[in-house]
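Undergrad: Here you go, one structure.
The values are calculated or read from the model by the stated rules, or taken from the named source; none is laboratory data. Everything quoted here is computed from the prediction, not taken from an experiment. Neighbour counts are summed over all protein chains in view; Cβ atoms, including those assigned to glycine, are modelled from backbone coordinates with ideal geometry.
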Amino acid sequence: MATLGDKVIESYEKTEKKDEKFGGQVTVTTAAVSEDGLDDIDGGWEGYMDTELPDKMERKFFRNMRHQVMNIYRRLFSLVFLVNLGVLIDAGVRGTNTPHIGKIVIANIFTAILIREEHVVNGLFYIFTFPTFLPLWARVTLARVYSLGGIHSGSAVAGLMWFIYFTVLATQDFHHHQHASAGLIAVSYIILVFLCIIIGLAMPAWRRIHHNKFEMVHRFLGWTVTALVWALVILLTNDYRDPSTPLHVALRKSAPFWLVVVLTMSIASSWIHLRKVKITTEVLSAHALRVHYEYSGAIPGTFSRVSYSPLTEWHSFATISVPGVKGFDHIISRVGDWTTRTIQNPPSEIWIRGIPTAGIMNVVPLFKRVVVVATGSGIAPCAPHVYANKTNIKLLWTSRNIRKTYGDKFVDSIMTAAPDAIIYDTDAHGKPDMIKLIHHVYKEFDAEAVCIISNQPLTQKVVYGLMSRGVPAFGAVWDS
């Protein structure tokens, strides 16, 4: 079986790559392996500690508000929620009716679900990352497309707020014998309880600690609420329709009915693509496993979901595609029980759901020169851009014992595709000052932006440390 490293090196040996954006031919060479397996790749970072970091911009309160407390994700959440709150207050002051509030409830639930649908996500990323001709400030703004999860959570919380108001109005109508039936009231209170549970358990602090339980609740209660929303729409339409209008006609003319049709299709779409596929595996080390799929291709900057048990647990991994090679790969690193079991006992088949979906690294081609930073197994989402060689990137990879962890073939494939990559081995040199190191590389490379794939604390520290100094920096937001 050809390894990932073999495929990449073969791909580069076949032809000299040309790229007009880089001003002509780009020549790549395979890295030579030294006796200790380290000296051949470790380096390129020397002298960074002598570089002075510029002072942070703005006063501490304002920069903390801008880059931490009210990041783009939270700004979108706040915008969606506050607009809804304003409309709710206006409706309460002016007076309204139960069916009208029902429409707003469904509209918010519809938005919360649709913004997470894979085809919608891919479409939004395509639209936001297409205009590479715009000035840098505009492209930096567009690159925040990966924070659109704020619309998801903002619409969900706003939907709960509206649903409480809807339930109060429907209860009043029932009490005064005005349209609302007992069935509508019962379904409304059940949905309200379930929505409170779903949103309550989605709070970041609980979700981080109990992520698998969060997914189970989100999935099964979410499906249950969807079925109950169908019942709610039918009951609401039936209770408040003109007696002379048949129910099927009233439903056909009902906006909530069609919104529920679309949101149901949105939920079902990824499960329509559920399948069990054959895979080939290559153990890179006791820490990492490479998995190869041939059922589909993938573009750089996407991820896909895999599982042994489709109804209970899913794990997302970056797709690694090589130009001219069918299919794509995952690099699975040991970080928990599931990954440990997979590395120790590699499967021959696995469940796949949905389509490869755009993530944070999909914004890389929006910039002309980018520093791509990977720590440890964060190299996996970065590798496709290195292999594709379509964007002028400078790779900075910090990790411990890189060759022992990821194997010579994989490391050589990276060095073949990016011979000027900067590799920092933390076993040999200790942990670096990441902000100073990245800023040094950013200035030396004359980059437009920095993209980092790392753990949550370091990502947040680096993004804040760079953004507060005027450097466009992008990293995952851990919103799901």
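Undergrad: It is to be established whether one or more residues within segment 86-102 are free of Cβ contacts under 8 Å to residues at least 60 places away in the same chain, within 19 Å of L259 (Cα to Cα), part of a helix (DSSP H, G or I) and under 25 Å from the mean Cα position of the chain (by Cα).
TA: Looking through segment 86-102, none of the residues is free of Cβ contacts under 8 Å to residues at least 60 places away in the same chain, within 19 Å of L259 (Cα to Cα), part of a helix (DSSP H, G or I) and under 25 Å from the mean Cα position of the chain (by Cα).
Undergrad: For segment 440-451, check the following and say yes or no: at least one residue is in contact with a Leu (Cβ under 8 Å, 6 or more places away or on another chain), more than 25 Å from W137 (Cβ to Cβ), part of a loop (DSSP other than H, G, I, E, B) and not polar (S, T, N, Q).
TA: No, there is no match, as no residue in segment 440-451 is in contact with a Leu (Cβ under 8 Å, 6 or more places away or on another chain), more than 25 Å from W137 (Cβ to Cβ), part of a loop (DSSP other than H, G, I, E, B) and not polar (S, T, N, Q).
Undergrad: I would also like to ask the following. Any residue in segment 461-474 that is among the β-branched types (V, I, T) sitting within a Cβ distance under 7 Å of a residue that is part of a helix (DSSP H, G or I) and buried (at least 23 other Cβ atoms within 10 Å of the Cβ)? List the pairs, counting only those 6 or more apart or interchain.
TA: V462/I438; V471/H439; V471/Y442
Undergrad: Another question, then. Can you tell me which residues in segment 362-393 are under 16 Å from I438 (Cβ atoms) and assigned to a helix (DSSP H, G or I)?
TA: Hits for segment 362-393 are V364, G376, G378, I379, C382.
Undergrad: Among all residue pairs at least 6 apart or on different chains, which show Cβ distances below 7 Å where the first residue, located in segment 338-358, is over 10 Å from L289 (Cβ atoms) and touching a residue at least 12 places away in the same chain (Cβ under 8 Å) and the second is among the polar types (S, T, N, Q) and in a helix (DSSP H, G or I)?
TA: Qualifying pairs under 7 Å: R353/S270; G354/S270; T357/N122; A358/N122.
Undergrad: A further question follows. Just to verify a result, which residue in segment 452-480, among those that are in a helix (DSSP H, G or I) and either assigned by TED's automatic domain parsing to the domain that holds I209 or of a type in the set (A, V, I, L, M, F, W, C) (or both), is nearest to E215 (Cα to Cα)?
TA: Within segment 452-480, the match that is nearest to E215 (Cα to Cα) is L458.
Undergrad: Now for a separate question. Name, by its number, the condition in (1) touching a residue at least 60 places away in the same chain (Cβ under 8 Å); (2) under 22 Å from L114 (Cα atoms); (3) not charged (D, E, K, R) that does not hold for Y240.
TA: All conditions are met except number (2).
Undergrad: Quick check on my filter: what residues within segment 248-300 are touching a residue at least 60 places away in the same chain (Cβ under 8 Å) and among the polar types (S, T, N, Q)?
TA: Within segment 248-300, S266, S269, S270, T280, T281, S285, S296 meet the criteria.
Undergrad: While we're here: Only one of V249, V291, V283 is at pLDDT 90 or above, within 30 Å of Q178 (Cβ to Cβ) and either touching a Leu at 6+ places or on another chain (Cβ under 7 Å) or not acidic (D, E) (or both). Can you tell me which?
TA: Only one candidate passes the filter, namely V249.
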